[in-house]
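Chemist: Got a structure here, written out as structure tokens. Questions coming.
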Amino acid sequence: MCGIFGYVGTRKDAGALVVEGLKNLEYRGYDSWGVACSIGDGFLVKKDIGKISEVNGLQFYEECSLAVAHTRWATHGGVTKENAHPHLSCDKTIAVIHNGIIENFGEIRDELKKKGHTFVSETDTEVIPHLIEEELKTAEDFAAAVRKACLRFEGRFAILALHTASHSLVAARTGSPLIVGVGKDGYYVASDFPAFLKHTKTVQYIDNGEMLVTDGNSIIFSDLATGVEKPKREIEINWSIEQAEKGDFEHFMLKEIMDQKESVARAVNQDEEQIMTLAKAIHDAKGTFLVGCGTAAKACMAAEYFFSVIAEKHVNFAPASEFKLYHHFLKPESLLIVVSQSGETADVLDAMRVAKLKGAKVLAIVNVEGSTIAREADYTLRINAGPERAVASTKALTGQLAVLLLIAYALAGKLRQGKTLLLETSSQIAEMLNPRYVTRLKELAEKIKNDENLYIIGKSWNYPMAMESAIKIQEVSYIHAEGFAGGELKHGPIALIEQDTPCIALVGNDEVTTDVITNSIELKARGAFMIGVAPKKHEVFAEWIKVPDAGPAQAIVNIIPIQVLAYFLAVKRGKNPDMPRNLAKSVTVK
Ligand code: M6R
């Protein structure tokens, strides 16, 4: 969702700095942007709709050492320049950017209007600088005014408020993520660390219900409700700038697909003792639930099969957004396993809260170190995929699948066997992703790029991968794609098949192979153009995409060619795969 980046310190190029950092948050998805620099008694504001990276000549020549920048994902009010953040107070000395929703903004705005405040946008955000301005009339200082204002707001939010007179930056958080970068030359506050990775790798986390105030020399964290100061640790993050950049690749999505040559092995590199402890926790739990959203949810679904086939253990999957309806089944002895790349997804956090209210324990499988989900869970496993910037999740998924498969093996008392399988699979992926293979998929994309419908089938763990294939193709190429369990075809979806409709079968070399081949034959008989992603060729396939025979890790290898295909379908249809319409990388609102 919205990208937030603010700076206060000794540097004199804060305007240019926040604009540059904001470009590293573009992956979060947005429709307009804005920047404010504190100059003299007020703010120099530039904002517009569209992409900030496409604006030529956006320069801040003025000296400035206090600035904010924001990418907006429209919620309240349309996509207009006026609605873009930052928003200012009437006297123009307070600038605010915001992520989240102020649910009671209507009543506050009416009240402020009566007091003479003028509003220029349709946003909920604009009440924030005006209410702070009002509170500042009686508060002891700027931070106290922001605190008083925040206590009036209902809903989840993260805000940055800047004040020219006190040359200070105040941040407050009740839901959406905020991280502080501690630099030698000041403080950087952002919704994610790619914004400031170039300047510092030392971070401090601001938790929900907390705020901070900094003038660039020092920083004070406190409890938002009580104002009581909170000491904070400084933590070093180990992601490199190179990992967070595109390098020679045209898009992050392709770079991240290629990263899978190494990232699966990194996911497998877990502390064995910890994995065994967690396997025991799953074994002992009275009811284990797996939740996630989107792609991470598909990893959870695949894990249901891993746990069943490998460890003969029943676990329950639910999309995180549905999980609260399961609360009747939760006990203090239950275990919730949450899977999330970003570690910030609102529905997943909600599911965790539901489980915690019932006294259940939570195991989080995340990519982003120090994320809210990682910090709020009882146990955390990191998938070590490195930064994933493209909206379409690729390497995070295969890392999640690898970790879940490893846990299933540990649960079955076969951790070593699982590790060996996954490391072998990792080498097979590195071989598979060679230039010839990628070109082959590019050619296939050329053949089907003008089709408007695409269906994918699979069985067992390849069934969730069929659904994931559909997500990947939909979100970047905008082709209508759907994934089904092969056996379900005859119960409805087969009616959709016409002459030359492209259909993909995800196949392994296991007990369900014959079934999926039979389903493919049924599709072909109705005219389908069959594409087989399989270790072995079969005459039913008009196109065969060879994948290694990876046994129980087949889901991991089968999804990778589909990621590449989705990427080329997007590019060939003239879409930017890194920034799909209507989507955000991290969905921090419900
Ligand atoms: O950060 P998370 O893994 O919690 O995100 C969950 C979904 O929003 C995410 O997987 C989404 O479905 C991706 N855009 C799909 O590629």
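The values are calculated or read from the model by the stated rules, or taken from the named source; none is laboratory data. Keep in mind it's a predicted model, so treat the numbers as computed, not measured. Methodologically, a virtual Cβ is constructed for each residue, glycine included, from the backbone with ideal geometry; neighbour enumeration extends over all protein chains shown.
Chemist: Among the residues of segment 280-288, are any within 16 Å of the ligand (Cβ to nearest atom), in the same structural domain as K414 (by TED's automatic domain parsing) and of a type in the set (D, E)?
Modeler: The answer is no, given that none of the residues of segment 280-288 is within 16 Å of the ligand (Cβ to nearest atom), in the same structural domain as K414 (by TED's automatic domain parsing) and of a type in the set (D, E).
Conditions (1) modelled with pLDDT of 95 or more; (2) charged (D, E, K, R), marked per residue:
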site	(1), (2)
I102	no, no
K113	yes, yes
S121	no, no
P129	yes, no
K137	yes, yes
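Chemist: Select, from V516, V540, the only residue that is under 27 Å from L406 (Cβ atoms) and either of a type in the set (A, V, I, L, M) or in contact with a Ser or Thr (Cβ under 9 Å, 6 or more places away or on another chain) (or both).
Modeler: On the way: V540 fails: under 27 Å from L406 (Cβ atoms).
Only one candidate passes the filter, namely V516.
Chemist: Moving on to the next point. Filter segment 322-359 for residues that are within 14 Å of the ligand (Cβ to nearest atom), crowded, with 20+ Cβ neighbours inside 10 Å and either outside the structural domain of Y379 (by TED's automatic domain parsing) or part of a helix (DSSP H, G or I) (or both) and give the result.
Modeler: Those that are within 14 Å of the ligand (Cβ to nearest atom), crowded, with 20+ Cβ neighbours inside 10 Å and either outside the structural domain of Y379 (by TED's automatic domain parsing) or part of a helix (DSSP H, G or I) (or both): F323, A346, D347, V348, L349, A351, M352.
Chemist: Name the residues in segment 472-521 that are among the charged types (D, E, K, R), closer than 19 Å to V557 by Cβ and within 26 Å of the chain's Cα centre (by Cα), would you? Lay out the reasoning, then the answer.
Modeler: Of all residues in segment 472-521, those among the charged types (D, E, K, R) come to 472, 475, 482, 488, 490, 498, 500, 510-511, 515.
Next cut, closer than 19 Å to V557 by Cβ only: 472, 510-511.
Hit for segment 472-521 is K472, nothing else.
Chemist: With respect to I556, is the statement that it is of a type in the set (A, V, I, L, M, F, W, C), crowded, with 22+ Cβ neighbours inside 10 Å and assigned by TED's automatic domain parsing to the domain that holds G458 true? Break it down stepwise before answering.
Modeler: Values: of a type in the set (A, V, I, L, M, F, W, C): yes; crowded, with 22+ Cβ neighbours inside 10 Å: yes; assigned by TED's automatic domain parsing to the domain that holds G458: yes.
Judged against the criteria, I556 is a match.
Chemist: In segment 570-589, which residues are outside any helix (DSSP H, G or I), more than 12 Å from the ligand (Cβ to nearest atom) and touching a helix residue (DSSP H, G or I) at 6+ places or on another chain (Cβ under 7 Å)?
Modeler: Step one: of segment 570-589, the residues outside any helix (DSSP H, G or I) are 573-589.
Of the ones still in play, those that are also more than 12 Å from the ligand (Cβ to nearest atom) are 573-576, 581.
Within segment 570-589, R573, K575 meet the criteria.
Chemist: So, one more: Quick one: in segment 228-264, of everything that is acidic (D, E) and modelled with pLDDT under 90, which residue is nearest to E369 (Cα to Cα)? Steps first, answer last, please.
Modeler: Taking segment 228-264 first, the residues acidic (D, E) are 229, 234, 236, 242, 245, 248, 250, 256, 259, 262.
Next, only the ones that are modelled with pLDDT under 90 stay: 236, 242, 245, 248.
Details: E236: 10, E242: 17, E245: 18, D248: 26 Å.
So, considering only residues that are acidic (D, E) and modelled with pLDDT under 90, the one nearest to E369 (Cα to Cα) is E236.
Chemist: Next question, about the same structure. Any residue in segment 532-546 that is in contact (Cβ under 8 Å) with a residue 40 or more places away in the chain, among the small types (G, A, S) and part of a loop (DSSP other than H, G, I, E, B)?
Modeler: Scanning segment 532-546, I find no residue that is in contact (Cβ under 8 Å) with a residue 40 or more places away in the chain, among the small types (G, A, S) and part of a loop (DSSP other than H, G, I, E, B), so the answer is no.
Chemist: If you scan segment 391-444, which residues turn out to be in contact with a helix residue (DSSP H, G or I) (Cβ under 7 Å, 6 or more places away or on another chain), among the small types (G, A, S) and buried (at least 20 other Cβ atoms within 10 Å of the Cβ)?
Modeler: A392, S393, G399, A402, A408, A410, G418, S426 - these are the residues of segment 391-444 that are in contact with a helix residue (DSSP H, G or I) (Cβ under 7 Å, 6 or more places away or on another chain), among the small types (G, A, S) and buried (at least 20 other Cβ atoms within 10 Å of the Cβ).
Chemist: Right, another one. Output the residues belonging to segment 360-381 that are more than 16 Å from the ligand (Cβ to nearest atom) and touching a Ser or Thr at 6+ places or on another chain (Cβ under 9 Å). Quick ask: steps written out before the conclusion?
Modeler: Within segment 360-381, the first condition is being more than 16 Å from the ligand (Cβ to nearest atom), and the residues that meet it are 360-361, 378-379.
The answer is A360, K361, Y379.
Chemist: Does A190 meet the test of being at pLDDT below 90 and surrounded by 15 or more Cβ atoms within 10 Å (Cβ to Cβ)?
Modeler: On the way: at pLDDT below 90: no; surrounded by 15 or more Cβ atoms within 10 Å (Cβ to Cβ): yes.
Judged against the criteria, A190 is not a match.
Chemist: Another question, if that's okay. Could you list, in sequence order, the residues of segment 1-39 that are at pLDDT 90 or above and assigned to a loop (DSSP other than H, G, I, E, B)?
Modeler: T10, R11, K12, listed by residue number.
Chemist: Please work out which one of (1) closer than 30 Å to I471 by Cβ; (2) touching a helix residue (DSSP H, G or I) at 6+ places or on another chain (Cβ under 8 Å); (3) surrounded by 15 or more Cβ atoms within 10 Å (Cβ to Cβ) is the condition M211 fails and give its number.
Modeler: Single failed check for M211: (1).
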